[in-house]
Protein chains: 2
Amino acid sequence: MSSQQSKDEFYQLHAHLCKALAHPTRLLIIDELRDGPRSVSELVEQLGLRQSNLSQHLGILRAQGLVVARRDGQAVYYRLRDARVTQAFDLLRQVLRSVLKDGERLAVAY
Amino acid sequence: MSSQQSKDEFYQLHAHLCKALAHPTRLLIIDELRDGPRSVSELVEQLGLRQSNLSQHLGILRAQGLVVARRDGQAVYYRLRDARVTQAFDLLRQVLRSVLKDGERLAVAY
DNA sequence: GCATAATATGCAAATATCCGAATAAGTTTC
DNA sequence: GAAACTTATTCGGATATTTGCATATTATGC
């Protein structure tokens, strides 16, 4: 009974999680947060992004539970919520290197 | 010199890889292929999709090197290319369960 | 309270993605 | 080689994402 309905829903959520990872800027953010929490302004400086753009990307990561925000004074510090995210990140990076090595031409577009 | 240019490019490729995973149907396909290679028509039947739609999704997975196609007679069999993809898949699934358990309300939209 | 600093959000335009329908392309059988 | 079968591609419209700008929100210091 839990079957089709909630199964599809779970794939949907899983896809949303992947979607949150599917942007170069958000991958950069995650990579930056590996070394520890960062405030928004630190990230702005280190990544060289517009504040509003960064904030929107952080919002997406937050909405999917990938990062956690903690307010400290006027700064908001973000950290990774779950180490498994970076594990998955690294696995996919390995896959990517392997695919590139095999000389398969990846479509950069689409 | 290799630095910024190719570094950004790599994040771009990584994002493309994630994007290929960021759709419920494609996650379903990957999950189905865990149990071994499947022909397109088998997948059509098992997943209940339009043939053209499935073929498009398979094309995206193929373009990113996530699956490999092998022709056998008139059928084309697809298989997963790298076990690490399913490892990453499973890690993210664990993260998702953990996030859900923590009662954070995930935005289904966006 | 008011000015300042740090983050977040709303909006609109440009771009990308998704799907079904129609059609093309490759394989087998006769 | 024509018919049947399996898979891939093209096209157009609907939907979703990304971005910068302007503006709100929240916290601090005076």
- Query: Hey, any hits in the range A:59-67 for a residue that's within 11 Å of DNA strand D (Cβ to nearest atom), in a strand (DSSP E or B) and either closer than 14 Å to B:H14 by Cβ or at pLDDT 95 or above (or both)?
  - Reply: no
- State yes or no: is B:V76 surrounded by fewer than 20 Cβ atoms within 10 Å (Cβ to Cβ) and within 8 Å of DNA strand D (Cβ to nearest atom)? yes
- For A:D35, all conditions in the list (1) closer than 25 Å to A:H16 by Cβ; (2) more than 8 Å from DNA strand C (Cβ to nearest atom) hold save one; what is the number of the exception? (1)
- Of (1) part of a loop (DSSP other than H, G, I, E, B); (2) within 13 Å of chain B (Cβ to nearest Cβ), A:I30 satisfies every one except (1)
- Please find, among A:V44, A:V95, A:V99, A:V67, the residue that is over 23 Å from B:V99 (Cα atoms), within 11 Å of DNA strand C (Cβ to nearest atom) and buried (at least 16 other Cβ atoms within 10 Å of the Cβ). A:V44
- Task: Would you check if there is a residue in the range B:72-94 being facing chain A (nearest Cβ under 10 Å) and assigned to a strand (DSSP E or B)?
- Result: no
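The values are calculated or read from the model by the stated rules, or taken from the named source; none is laboratory data. Fair warning: this is a prediction, and the values are worked out from it, not measured in the lab. Every residue, glycine as well, gets a Cβ built from its backbone with ideal geometry; the counts of neighbours run over all protein chains shown.
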